[in-house]
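S.K.: Below you will find the structure I want to go over with you.
The values are calculated or read from the model by the stated rules, or taken from the named source; none is laboratory data. Predicted model, so just to flag it, every value in this text is computed and none were measured. Here the Cβ positions follow ideal geometry from the backbone for every residue, glycine too, while neighbour counts run over all protein chains shown. Ligands, DNA and RNA are excluded from the accessible area calculation, which covers all protein heavy atoms including side chains. Shrake-Rupley method; radii C 1.70, N 1.55, O 1.52, S 1.80 Å.
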Amino acid sequence: MKKRILTGDRPTGSLHIGHYFGALQNRVTLQDKYDTFVLIADVQALTDNFNNPQKVRKNVFEVAMDNLAVGIDPDKSTILIQSLIPEIAELTVFYSNLVTISRLQRNPTVKEEIKQKKELFGESVTFGFLGYPVSQAADITAFQADLVPVGEDQLPMIEQTREIVRKFNQIYGKTLKEPEGKVGEYPRIKGLDGDAKMGKSLKNALFLSDTPGIVEEKVNSVITDTQKIYLRDIGHPQVCMIFYFHQIFNKDALSLIRQECKLGKRGCVACKRELASTINEFLEPIREKRKYYGNKPDLVKEILMQGTERARKVAKDTLRQVKEKMFLNY
Ligand code: TRP
């Protein structure tokens, strides 16, 4: 039997190239080797969007399209909607006994997010948001996943899942699998503005769904080396955000770009143009697949419904085992 992958996205916006190199690329490559489940985490998305359910609903479709566009193949992988698997919610309740409040408060990702969401949460965070790592442990273990390809920021969730699994197995007897995390080629991609992180809510992202024109516009507005005004000026690629992205998209031409820039033989305008066109080349097949599925909303819906149905069988089987071990098999 194939080993399993479970991974997921919160449907709160479109996915960007940070998601791609951090996590999506891995799940696409690994879907041949693993039985892969891609969860659209609408219940988790509501933990910090409870006041905006329409946004979550709309983005379920967007995130499904993003996954299909980058190459998640519905014949190989299973895409599912979290809220349609109530077994995950049940597991969450059982696991919540195995986690302390202070452990959740120490989770670095949760801590960081609470800081960012002061406006929503004020001085005191909700029970639901603080507890989302528990529900994420339920997502992962419902499928007895061996591997979880994720962005770097999600590693603390996997660590918490592993702790919950160990505790469950220790108290109730061996039932759950302890998953491993796997981070992509570029664990963290900087924002177009030079910020340490590209984020969908930070307005510094290149989205997988951006049109060629938008890519050009965004690349054009990136700040290069502020010391380099004229083409003949000597450039400092190590401080230039355009060079940073060349490192990701233009690996073959990298040493030439670096050399020309340093020698004052490369202008920033041309350098940007080259980057934009490489990014557009990279995005073209993704756009094409998106267009294919975009014209077939019924097909996408069917993929989600069939995926969810298949996934639910697996989650049901796990819940049955869990309840048996907890003497809840009436
Ligand atoms: N927390 C993840 C994110 O914000 C989404 C997610 C939900 C997830 N459940 C998961 C990721 C299970 C991996 C495994 O992107």
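S.K.: Pull up segment 107-137, narrow it to residues that are aliphatic (A, V, I, L, M) and within 13 Å of the ligand (Cβ to nearest atom), then point me to the one that is surrounded by the fewest Cβ atoms within 10 Å (Cβ to Cβ). Full working, then the answer.
M.R.: Taking segment 107-137 and keeping what is aliphatic (A, V, I, L, M), we get 110, 114, 120, 125, 130, 134, 137.
Narrowing further to those that are within 13 Å of the ligand (Cβ to nearest atom): 110, 134, 137.
Working: 110: 20, 134: 22, 137: 28.
Within segment 107-137, the match that is surrounded by the fewest Cβ atoms within 10 Å (Cβ to Cβ) is 110.
S.K.: Out of curiosity, is residue 140 touching a Leu at 6+ places or on another chain (Cβ under 7 Å), in contact (Cβ under 8 Å) with a residue 24 or more places away in the chain and buried (at least 19 other Cβ atoms within 10 Å of the Cβ)?
M.R.: Values: touching a Leu at 6+ places or on another chain (Cβ under 7 Å): yes; in contact (Cβ under 8 Å) with a residue 24 or more places away in the chain: yes; buried (at least 19 other Cβ atoms within 10 Å of the Cβ): yes.
Against the criterion (touching a Leu at 6+ places or on another chain (Cβ under 7 Å), in contact (Cβ under 8 Å) with a residue 24 or more places away in the chain and buried (at least 19 other Cβ atoms within 10 Å of the Cβ)), residue 140 qualifies.
S.K.: So, one more: Can you report the number of residues in segment 154-167 which are within 14 Å of residue 182 (Cβ to Cβ) and open to solvent by 40 Å² or more (accessible area, probe 1.4 Å)?
M.R.: Just the residues of segment 154-167 that are within 14 Å of residue 182 (Cβ to Cβ), to begin with: 154-155, 157-159, 161-162.
Applying the additional criterion that residues be open to solvent by 40 Å² or more (accessible area, probe 1.4 Å) yields 155, 159, 162.
Within segment 154-167, residues that are within 14 Å of residue 182 (Cβ to Cβ) and open to solvent by 40 Å² or more (accessible area, probe 1.4 Å) number 3.
S.K.: Select from segment 203-229 the residues that are free of Cβ contacts under 8 Å to residues at least 24 places away in the same chain and open to solvent by 90 Å² or more (accessible area, probe 1.4 Å) and list them in ascending order.
M.R.: Those that are free of Cβ contacts under 8 Å to residues at least 24 places away in the same chain and open to solvent by 90 Å² or more (accessible area, probe 1.4 Å): 203, 217, 226, 227, 229.
S.K.: Given 46, 30, 6, which one is over 16 Å from residue 283 (Cα atoms), within 11 Å of the ligand (Cβ to nearest atom) and hydrophobic (A, V, I, L, M, F, W, C)?
M.R.: 6
S.K.: Somewhere in segment 299-315, is a residue more than 30 Å from residue 89 (Cβ to Cβ) and under 21 Å from the mean Cα position of the chain (by Cα)?
M.R.: Scanning segment 299-315 turns up no residue that is more than 30 Å from residue 89 (Cβ to Cβ) and under 21 Å from the mean Cα position of the chain (by Cα).
S.K.: On to the next question. Just one of 130, 91 is touching a helix residue (DSSP H, G or I) at 6+ places or on another chain (Cβ under 7 Å), of a type outside the set (Lys, Arg), farther than 18 Å from residue 313 by Cα and in the same structural domain as residue 22 (by TED's automatic domain parsing); which is it?
M.R.: 130
S.K.: Just checking, does segment 188-201 include any residue being more than 14 Å from the ligand (Cβ to nearest atom), modelled with pLDDT of 95 or more, out of contact with any strand residue (DSSP E or B) (no Cβ under 8 Å at 6 or more places or on another chain) and open to solvent by less than 40 Å² (accessible area, probe 1.4 Å)?
M.R.: yes
S.K.: Turning to a different aspect of this structure: Could you grab me the full set of residues in segment 11-30 that are farther than 15 Å from residue 205 by Cβ and either open to solvent by 30 Å² or more (accessible area, probe 1.4 Å) or outside any loop (DSSP other than H, G, I, E, B) (or both)?
M.R.: Once the filter is applied, which keeps residues that are farther than 15 Å from residue 205 by Cβ and either open to solvent by 30 Å² or more (accessible area, probe 1.4 Å) or outside any loop (DSSP other than H, G, I, E, B) (or both), segment 11-30 yields 25, 26, 27, 28, 29, 30.
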